[in-house]
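Read the figures in this text as sums done on the coordinates, not as results from a lab. Keep in mind the model is a prediction, meaning the values are calculated, not measured. For neighbour counting, all protein chains shown are included, and Cβ atoms are generated from backbone atoms with ideal geometry for every residue, glycine included.
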Amino acid sequence: MASIELVSGDITTQKVDAIVNAANSGLLGGGGVDGAIHRAAGRDLYEECLRLPEGPYGRCPTGECVVTGAGRLPCKKVIHTVGPVYGSRENDAALLGNCYRNSLLAAGALGFESIAFPNISTGVYNYPKDEAARVAISAVRETLPQTPSIKRVLFVCFGSENYSIYEKLMGGNALDI
Ligand code: AR6
């Protein structure tokens, strides 16, 4: 059994095995949660990202993920994923779902017990918050049976709007799966 927990605050301070970064394909930092994670992790994270191989879609295509060390962060690993820019593709929801699914599978493959997600794509990438929350919750629920090591999944909401949306959809601030 696993629990999905709703948390209000900064993802960089969460005491979990892995935190997920809402990055861009370049994986060299940016604004929003990406900037906060790079600032808190420090230079080592940036340098590790710089060494990652670059393909035709940058260091990480949309919907996929890349695992790195965590520098000065309290977690063990950072799982960088790239959410879709809302409206740019027909399959935005599928791509956003892939971000949650692939990140959870990566954490499960490492034998991790806990993972924290930000509200991917709901900032600069402009994904409507309610739709994004529905995609996030269903992708996590569907994937958890494939990741038996994962006991806790945190949705970390930085603003009260996202928190209220998740609270409503989850029927409270925790959900046992
Ligand atoms: N902890 C948790 N959530 C946060 C934090 C934090 N410290 N800071 C912001 N958020 P965004 P995106 C929330 O824009 O939409 C970057 O420049 C924020 O309130 O960070 O996926 C990247 O480099 C929002 O709900 O990510 C990319 O270029 C959520 O995190 C691009 O933005 C996501 O907002 C990615 O855009």
Residue-normalised 222 nm signal for the chain, counting each DSSP H run of n ≥ 4 as -39,500 (n - 2.57), nearest 500 deg cm²/dmol, is -11000 deg cm²/dmol
Debye calc, one equal point scatterer per Cα of segment 47-141, no solvent, log10 I(q)/I(0) at q = 0.17 1/Å comes to -0.77
Here the percent of antiparallel bridges among DSSP beta bridges lying wholly in the chain, to the nearest 5, is 30 percent
In order over segment 159-168: 3J(HN,Hα) from phi, Karplus 6.51/-1.76/1.60, θ = phi - 60°, whole Hz, x for each Gly or Pro, gives x, 5, 5, 4, 4, 4, 4, 5, 4, 5
Per principal axis, largest first, the Cα atoms of the chain extend in Å by 42, 34, 29
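Using Cα pairs under 8 angstrom and six or more residues apart, how large is the relative contact order of segment 3-176, in percent?
Here the relative contact order equals 32 percent.
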Subtracting the Cα-Cα distance of ARG152 and ASP44 from 0.36 nm times their residue separation yields 36.2 nm
At q = 0.32 Å⁻¹, the log10 of I(q)/I(0) for segment 106-149 from a Debye sum over equal Cα scatterers comes to -1.10
Expected sort for HIS80, HIS38 with the fewest Cβ neighbours (10 Å cutoff) up front is HIS38, HIS80
Length gained if TYR57 through GLU142 is fully extended, taking 0.36 nm per residue and subtracting the Cα-Cα distance, is 27.9 nm
Placing each pseudo-label 7 Å from Cα in the direction of the beta carbon, GLU5 and ASP130 end up separated by a distance in nanometres of 2.9 nm
